[in-house]
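Heads up, the thing below is written out as structure tokens.
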Amino acid sequence: MKKVFTTGQVAKICKVAPRTVSKWFDSGRLRGYRIPGSQDRRIPREHLIRFLKEHGMPLGELEEEGWHKILIVGAEPLFISRVQELLPLDDDYRYETANSGFEAGIQAESFHPDTIIIDLAMGRSEGLQIAQNLRRNAQYESTLIIALASEDESDPDALTQYGYSEAFKKPFDAALLVERIRTLVDERRENSM
């Protein structure tokens, strides 16, 4: 994910001439900075997104970069709607759901989720297999994979040996899970600035 753009890159994103971007920059409408000892301008990602939103311009590929994508596997509709209520779409969250390990694999490949929540009620062995398969793919090394463990799970923390980042033992408050996801999203956004 790019953090800083040149005027040429901004011109491509906005579908305008580089000179137009320079004028926006020089007039103060598009914030950024000059490279010391040079006339080259740089526009930080967050200033570009703010500028595009203020002027009603499409965000294009920048919009998808800003989303935090969550794949929910095998969970009950009531749980899914509760999570979506606490992390609304207009807060840059996007969701996909899957009901089986097969569907989860297809969704993971096409959706590229940042967080995957797997309800082990769908079948503990299938849930463990999904996490292990995802972790074998380098693309999912930094993905947060969360297990929703049943009440009779003796040691939910042991699930980390199967590739899970964390486990929440039922019953639990969905707000705790949502708060954990928000914390992760905030940490990632701060690291990318």
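Every number in this text was worked out from the coordinates using simple rules, so none of it is lab data. In this text the structure is predicted, and so the values were computed from the model without any measurement. When we count neighbours, we look across all protein chains shown, and the Cβ atoms used for this are built from the backbone with ideal geometry, even at glycine.
Note on the chain: with a GNM built from Cα contacts shorter than 10 Å, the maximum mean-square fluctuation among H112, H55, H68 falls on H55. Remark: the Cα gyration tensor places the range 4-64 in the prolate category, a/c being 1.5 or greater and a/b exceeding b/c. Once you've got the GNM for the chain with C-alpha springs shorter than 10 Å, pick whichever of V73, V16, V83 has the biggest mean-square fluctuation. So, out of V73, V16, V83, the one fluctuating most is V16. Largest first and in whole Å, the equivalent-ellipsoid semi-axes of the chain read 40, 16, 15, each the square root of five times a Cα gyration tensor eigenvalue. Once the trypsin sites (Lys or Arg not before Pro) in DSSP loops with at most 15 neighbouring Cβ atoms within 10 Å are cut out of the chain, the longest remaining piece is 32-135. Working from label points 7 Å from Cα in the Cα-to-Cβ sense, the Y33 to E179 distance is 3.5 nm. Mean residue ellipticity, 222 nm, helices only, the chain: the sum of -39500 (n - 2.57) across DSSP H runs of n ≥ 4, divided by residue count and rounded to 500, is -13000 deg cm²/dmol.
Under a 5 Å amide H cut-off, with hydrogens placed 1.01 Å from N, I117 pairs with L71, I72, V73, I146 among residues at least 5 apart or on other chains. Checking the cross-link pairs K3/K69; K12/K69; K3/K169; K69/K170 against a 30 Å limit on the alpha carbon distance flags K3/K169 as lying beyond it.
Quick check on the range 53-145: take the gyration tensor over C-alpha atoms, sort the square-rooted eigenvalues as a ≥ b ≥ c, and tell me if it's rounded (a/c under 1.5), prolate or oblate. Note, shape of the range 53-145 comes out oblate. Give the residues of the range 1-22 whose amide nitrogen is closer than 17 Å to a point set 7 Å from the Cα of R50 in the direction of its Cβ. Counting only backbone N, you get 3-5. Placing unit charges on each Cβ (+1 for Lys and Arg, -1 for Asp and Glu) gives the chain a dipole about its Cα centre, and among S27, T160, H68 the Cα reaching farthest toward its positive end belongs to S27.
Summing Cβ point charges (Lys, Arg +1; Asp, Glu -1) relative to the Cα centre of the chain gives a dipole of roughly 1580 debye.
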